[in-house]
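Student: The structure is given below, and queries will be raised subsequently.
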C-alpha cells in the first residue's frame, strides 16, 4: 500500500491568498492533501497542528507561528515551512531549524523593488523632490527655493552587502558613481567581484562618501551602530538614505543633523512605525519620507507566490535540495 500524501496546511488569510497566489491551482503540484486555515487563536492553532499533523505549512505575514511548547515536541509533524514573505522569526524558532526543519522565504525575489526605491529616494533627495509642490504653489517664497543636484560622479557609501545591495550596485553603476561598502564579515573578494571598494569600518565608510545608503541587517551587533559619531563624519550636504532597518540608526541624532541642515534625509524605515507626527523628521521641509513601502510593490506579490509554489513543488517532488531562499541559521540570526 502506498504512503498517504503529505498534508499541506495553507495557514494564510483569504486576502493573502488573493495577493500572493492569485493563480493558485493545486492540480499543478504533485499529489498532497490540501488544508486551509486562518484567524485562529494560539490555542486553536496548536490544536489544529496536533490534529491535522501537517508535514508542510505555507505561511505569510498574517500566519500563526509554531509556539515554543510545540516546537520542542519531538513528535511535531512539520518538516517544511514555505513562507511567502521575508521575516520568519515569528513563525519558527531557531531550535527547529537546528533540528533540521526546512524553511524558505521570498529570498531575493523583491531585491529589485527595494533597490529601485533606494535609487528613487537618492535621486529625489538630490533633486529636492519634497519642495517641488510647495514651490509651485509659492513660486516667490525663499523658504521653498529649490537647489537640485545630480547623482552622476558622486561617491556612494552603502552600509550592508546583501542581495538588495548587490542589485542596487547594478542600478547605480550607469551613473558613473564610485561605490564603497562596509559589512562586517563579508569577504573582500565578494566586494571586488561586484566592483565595490570594501571599507574596514563604518567610520571609513561615512568619512568617504557624499551619499550614505543604509541597508544593513538589524542584529544586536548593528542596532544603533549608525550613531551620532558616525553621522557627524558625513560631509556637509551629504544625503542619508535608509531603506534597511530603522533600529540600525540613532534616529534622534539623524533628526538633529537634518534639522541643522548639515545633511538631507530620505528614509522608508524608522525606529517607530508609523513615524509619529511629532518626529523631528516630519518637521523638516526637504526630508523625503515614505511609509515603509520599498517592497514588495503590488505587482511583485504574485512573483513571491510563484517563487513559493516552485519551492513547494520541489519539496513535494522529493527534491528539497532544489528549494531556493532557504533560511539558514546564519540568515535567521541576521534577519528580523
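Student: Just for region 68-88: of the residues that are assigned to a loop (DSSP other than H, G, I, E, B) and within 24 Å of the chain's Cα centre (by Cα), which one is surrounded by the most Cβ atoms within 10 Å (Cβ to Cβ)?
Tutor: Across region 68-88, the extreme among qualifying residues is 84.
Student: Give just the number: which of (1) part of a loop (DSSP other than H, G, I, E, B); (2) farther than 21 Å from residue 318 by Cβ; (3) modelled with pLDDT of 95 or more does residue 30 not satisfy?
Tutor: Residue 30 satisfies every listed condition except (2).
Student: What pairs can you find where one residue is in region 193-211 and under 24 Å from residue 174 (Cα atoms), the other is surrounded by fewer than 14 Cβ atoms within 10 Å (Cβ to Cβ) and modelled with pLDDT under 95, and their Cβ atoms are less than 7 Å apart, with a gap of 6+ or different chains?
Tutor: Matching pairs, first to second residue: 198/188.
Student: If I ask for residues that are outside any helix (DSSP H, G or I) and surrounded by fewer than 19 Cβ atoms within 10 Å (Cβ to Cβ), which ones from region 290-302 would you list?
Tutor: Those that are outside any helix (DSSP H, G or I) and surrounded by fewer than 19 Cβ atoms within 10 Å (Cβ to Cβ): 290, 291, 292, 293, 297.
Student: Only one of these conditions is not met by residue 239: (1) out of contact with any strand residue (DSSP E or B) (no Cβ under 8 Å at 6 or more places or on another chain); (2) surrounded by 18 or more Cβ atoms within 10 Å (Cβ to Cβ); (3) at pLDDT 95 or above. Which number is it?
Tutor: (1)
Student: Looking for something within 22 Å of the chain's Cα centre (by Cα) and within 30 Å of residue 241 (Cα to Cα) - is there at least one such residue anywhere in region 41-61?
Tutor: Yes, some residue in region 41-61 is within 22 Å of the chain's Cα centre (by Cα) and within 30 Å of residue 241 (Cα to Cα).
Student: Within region 246-253, is even one residue at pLDDT 95 or above and in a loop (DSSP other than H, G, I, E, B)?
Tutor: Among the residues of region 246-253, at least one is at pLDDT 95 or above and in a loop (DSSP other than H, G, I, E, B), which makes the answer yes.
Student: Anything in region 258-280 that is in a helix (DSSP H, G or I) and either buried (at least 20 other Cβ atoms within 10 Å of the Cβ) or not assigned by TED's automatic domain parsing to the domain that holds residue 228 (or both)? List them, or say none.
Tutor: Once the filter is applied, which keeps residues that are in a helix (DSSP H, G or I) and either buried (at least 20 other Cβ atoms within 10 Å of the Cβ) or not assigned by TED's automatic domain parsing to the domain that holds residue 228 (or both), region 258-280 yields only 258.
Student: Would you please name the residue that is nearest to residue 294 (Cα to Cα), looking only at residues in region 95-106 that are in contact with a helix residue (DSSP H, G or I) (Cβ under 7 Å, 6 or more places away or on another chain) and surrounded by 18 or more Cβ atoms within 10 Å (Cβ to Cβ)?
Tutor: 106
Student: Sticking with this one: For region 35-62, which residues satisfy the criterion of being within 22 Å of residue 98 (Cα to Cα) and either touching a residue at least 60 places away in the same chain (Cβ under 8 Å) or not in a helix (DSSP H, G or I) (or both)?
Tutor: Within region 35-62, 53, 54, 55, 56, 57, 58, 59, 60 meet the criteria.
Student: Given 180, 128, 170, which one is at positive phi and in the same structural domain as residue 212 (by TED's automatic domain parsing)?
Tutor: Details: 180 fails: at positive phi; 170 fails: at positive phi.
Result of the check over 180, 128, 170: 128.
Student: Looking at the structure I just gave you, is residue 185 closer than 22 Å to residue 115 by Cβ and under 21 Å from the mean Cα position of the chain (by Cα)?
Tutor: Against the criterion (closer than 22 Å to residue 115 by Cβ and under 21 Å from the mean Cα position of the chain (by Cα)), residue 185 qualifies.
Student: Evaluate the following for residue 321: is it more than 21 Å from the chain's Cα centre (by Cα), assigned to a helix (DSSP H, G or I) and free of Cβ contacts under 8 Å to residues at least 12 places away in the same chain? Break it down into steps so the answer makes sense when it comes.
Tutor: Numbers: more than 21 Å from the chain's Cα centre (by Cα): yes; assigned to a helix (DSSP H, G or I): yes; free of Cβ contacts under 8 Å to residues at least 12 places away in the same chain: yes.
Spelling it out, residue 321 is indeed more than 21 Å from the chain's Cα centre (by Cα), assigned to a helix (DSSP H, G or I) and free of Cβ contacts under 8 Å to residues at least 12 places away in the same chain.
Student: Looking at region 1-25, which of the residues that are free of Cβ contacts under 8 Å to residues at least 24 places away in the same chain and loosely packed, with under 11 Cβ neighbours inside 10 Å is farthest from residue 85 (Cα to Cα)?
Tutor: 1
Student: Right, something else. Please tell me if residue 305 is buried (at least 18 other Cβ atoms within 10 Å of the Cβ), at pLDDT below 95 and either assigned by TED's automatic domain parsing to the domain that holds residue 57 or part of a loop (DSSP other than H, G, I, E, B) (or both).
Tutor: The answer is no for residue 305.
Student: Sticking with this structure for a sec: Against the conditions (1) under 21 Å from residue 267 (Cβ atoms); (2) surrounded by 21 or more Cβ atoms within 10 Å (Cβ to Cβ); (3) touching a helix residue (DSSP H, G or I) at 6+ places or on another chain (Cβ under 8 Å), where does residue 205 fall short? Just the number, please.
Tutor: Looking at each condition in turn, residue 205 falls short on (3).
Student: Spot the failing condition for residue 92; the list is (1) assigned to a loop (DSSP other than H, G, I, E, B); (2) in contact with a strand residue (DSSP E or B) (Cβ under 9 Å, 6 or more places away or on another chain); (3) surrounded by fewer than 21 Cβ atoms within 10 Å (Cβ to Cβ), and only one is missed.
Tutor: It fails just one condition, (3).
The values are calculated or read from the model by the stated rules, or taken from the named source; none is laboratory data. Note that this is a predicted model, so its numbers are computed, not measured. Ideal geometry is used to build each Cβ from the backbone, glycine not excepted, and the neighbour counts take in all protein chains shown.
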